[in-house]
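The values are calculated or read from the model by the stated rules, or taken from the named source; none is laboratory data. What you are looking at is a predicted structure, and each value in this text was computed from that prediction instead of being measured. Please note: Cβ atoms are built from the backbone with ideal geometry, for glycine as well, and neighbour counts cover all protein chains shown. The area values use the complete protein model at the heavy-atom level, side chains included, leaving out ligands, DNA and RNA. Shrake-Rupley method; radii C 1.70, N 1.55, O 1.52, S 1.80 Å.
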Amino acid sequence: MYKLAKGAALVLLSVAITACSSSPEDDEFASKASPEVLYSQARTSMELGNYSKAVRTLEALDSRYPFGPHKTQTQLDLIFAYYKMDDVASGLANIDRFLRLNPTHPNIDYVYYMRGLTNMQADSYLFHDMMNIDRTDRDPKNAEEAFKDFDRMIKSYPNSKYAADAQQRMQYLKNRLARYSINVARYYIKMNAWSAAAVRAQTVLEKFPGTPEAESALEIMAIAYEELGQEQLRANTLSVMKANFPNNELVSN
């Protein structure tokens, strides 16, 4: 299975390198074409799904005509094309540049939305998803950033057409971040770090309420408080668990 995944990754990498290469004819065309012709070609490439060619054309347009008639739309198209190419670093760099230079642009809600999507993309692992491997134990930095991006967009632009989708993605991210915290808390239990386990589990209830990990968080807290000799805290935890998860084995007997 590992060899298969590794081989597939090499094939995809080879295809990506080939797709990103440009011919001398393309470079010569880009150096002579007007901004209107370049932008028209870029849009055609995007409509055909040839995002690598679109990026090359848009980058040439952005470089040669930084103050041209299509300057902001070129940057917006680059953000989307980088996202479609899974080029997270370039995508985030262009998003942050756009936000810095165009803070009052009418499509700024879209840019924050794309920042969230791009950070979610950075948090995903293609082959883990293909093989249904749970890797919620990986560094959640990009997931946290994506959550902040969507949250900022929704709070600043509640009527945005992207708000509903952003809200759904935030719920997914809440679940992902809650699972990560539960994995950390379980690691602390293995290390007999009971206080750290209880604190980490409690953050799940405070920062990610309403997630499926709430029951696991209460279980960890109850176990940790018992080991710490904190009988009142354990009793309070079990009381909350009984009210919300009456079939849990810790309170059902």
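Taking the criterion of being within 17 Å of PRO140 (Cβ to Cβ) and either acidic (Asp, Glu) or in contact with a His (Cβ under 9 Å, 6 or more places away or on another chain) (or both), the residues of region 180-219 that qualify are GLU206, GLU213.
Take the residues in region 211-253 that are open to solvent by 80 Å² or more (accessible area, probe 1.4 Å) and acidic (Asp, Glu); name whichever of them is nearest to ARG176 (Cα to Cα). Here the residue is GLU249.
Which of the residues spanning region 240-253 are part of a helix (DSSP H, G or I), more than 16 Å from ALA201 (Cβ to Cβ) and within 36 Å of the chain's Cα centre (by Cα)? Hits for region 240-253 are LYS242, ALA243, GLU249. Quick check on ALA222: is it more than 24 Å from ASN119 (Cα to Cα) and in contact (Cβ under 8 Å) with a residue 24 or more places away in the chain? Here the answer is yes, as ALA222 does meet what is asked.
Matching residues to (1) at pLDDT 80 or above; (2) exposed (fewer than 14 other Cβ atoms within 10 Å of the Cβ):
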residue: ASP134; (1), (2): no, yes
residue: ALA143; (1), (2): yes, no
residue: ASP149; (1), (2): yes, no
residue: ARG152; (1), (2): yes, no
residue: SER156; (1), (2): yes, yes
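In the condition set (1) surrounded by fewer than 16 Cβ atoms within 10 Å (Cβ to Cβ); (2) touching a residue at least 12 places away in the same chain (Cβ under 8 Å); (3) assigned to a helix (DSSP H, G or I), VAL199 is compliant with all but (2). Take TYR225 and tell me if it is part of a helix (DSSP H, G or I) and within 26 Å of the chain's Cα centre (by Cα). Considered against the rule, which asks whether it is part of a helix (DSSP H, G or I) and within 26 Å of the chain's Cα centre (by Cα), TYR225 comes out as no.
Can you find even one residue in region 63-74 that is at pLDDT below 95, more than 30 Å from TYR157 (Cβ to Cβ) and not in a loop (DSSP other than H, G, I, E, B)? Yes, there is a match, as at least one residue in region 63-74 is at pLDDT below 95, more than 30 Å from TYR157 (Cβ to Cβ) and not in a loop (DSSP other than H, G, I, E, B).
When the test is whether a residue is part of a helix (DSSP H, G or I), buried (at least 20 other Cβ atoms within 10 Å of the Cβ) and in contact with a Leu (Cβ under 9 Å, 6 or more places away or on another chain), VAL204 passes it. In this structure, THR44 does not qualify as open to solvent by 60 Å² or more (accessible area, probe 1.4 Å), of a type in the set (Ser, Thr, Tyr) and part of a loop (DSSP other than H, G, I, E, B).
Are any of the residues in region 169-179 open to solvent by 40 Å² or more (accessible area, probe 1.4 Å) and free of Cβ contacts under 8 Å to residues at least 24 places away in the same chain? Yes, region 169-179 contains at least one residue that is open to solvent by 40 Å² or more (accessible area, probe 1.4 Å) and free of Cβ contacts under 8 Å to residues at least 24 places away in the same chain.
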